[in-house]
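The values are calculated or read from the model by the stated rules, or taken from the named source; none is laboratory data. Predicted model only: the values in this text are computed from it and were never measured. Every residue, glycine as well, gets a Cβ built from its backbone with ideal geometry; the counts of neighbours run over all protein chains shown. Surface accessibility is based on the protein's heavy atoms, side chains included, excluding ligands, DNA and RNA. Shrake-Rupley method; radii C 1.70, N 1.55, O 1.52, S 1.80 Å.
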Amino acid sequence: QVQLVESGGGLVQAGGSLRLSCAASGRTFSNYGSGWFRQVPGEEREFVATITWSGSTNYANSVKGRFTISRDNAKNTVYLQMNSLKPEDTAVYYCALSRYRYATTGENDYNYWGQGTQVTVSS
């Protein structure tokens with residue numbers, strides 16, 4: 001059974017930073033891509049950042065230059081470092097494990113999801 005457990009969310013002032021972590025168990029983590037998505041109540045979940053099995057990254061335009069996705073295969077963990085946070089970054093953030101070595105922006109390519117962690121940025 002594959003499980004993804006997120007941590008690191010919370011309340012931060014605009015301009016501040018947070019680091020989200022997603023620990024995976026039950027699967028050879030290093031063979032698959034991973035992604036972070038976020039969702040605001042009443043809106044569709046959206047792509048934030050992805051990282052392939054080899055470490056190639058991709059970011060949504062709204063977070064490019066502020067967020068960094070990374071992975072530690074030895075710890076089976078993927079991270080999302082979020083700097084210069086804005087109120088519009090407020091959302092529930094989800095990590096996901098891809099079905100493939102690559103990582104796309106499409107949710108259907110991910111077959112395992114974490115429970116989500118709330119990030120709230122105050123102005």
Out of the total accessible area of the chain (probe 1.4 Å, heavy atoms of protein only), what percent is carbon and sulfur?
43
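What accessible area per residue, rounded to a whole number of Å², is obtained for segment 1-106 using a probe radius of 1.4 Å?
Values: 5220 Å² over 106 residues.
On a per-residue basis, 49 Å².
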Output wanted: per-residue J couplings in Hz (rounded whole) for segment 12-26, from phi through Karplus 6.51 cos²θ - 1.76 cosθ + 1.60, θ = phi - 60°, x for Gly and Pro.
9, 7, 3, x, x, 10, 9, 10, 8, 10, 9, 9, 10, 9, x
Tell me the relative contact order for segment 1-93 as a rounded percent, counting alpha carbon contacts under 8 Å between residues six or more apart.
32
For segment 43-87, place one equal point scatterer on every Cα, skip the solvent, and apply the Debye formula. What is log10 of I(q)/I(0) at q = 0.32 Å⁻¹?
-1.22
With DSSP loop assignment and no more than 15 other C-beta atoms within 10 Å, the GluC sites (Glu not before Pro) in segment 11-106 are 43, 44
Heavy-atom accessible area of residue 64, protein chains in place, probe 1.4 angstrom, given in Å² to nearest 10, is 110
For segment 105-119, just list the computed ³J(HN,Hα) in residue order, Karplus coefficients 6.51, -1.76 and 1.60, θ = phi - 60°, integers in Hz, with x standing in for Gly and Pro.
8, x, 4, 5, 7, 10, 10, 9, 9, x, 7, x, 9, 7, 10
Note, ³J(HN,Hα) from phi for segment 76-83, Karplus 6.51, -1.76, 1.60, rounded to Hz, x at Gly and Pro:
6, 9, 10, 10, 9, 8, 10, 10
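Mind putting a number on the dipole of the chain about its Cα centre? Charges go on the C-beta only, +1 for Lys and Arg and -1 for Asp and Glu, and I need it in Debye to the nearest 20.
Magnitude of the dipole: close to 360 debye.
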Two decimals is fine: what's Rg over Rh for segment 59-123, C-alpha atoms, Kirkwood radius as Rh?
0.97
Cα centroid distance between segment 65-113 and segment 3-35, in Å?
7
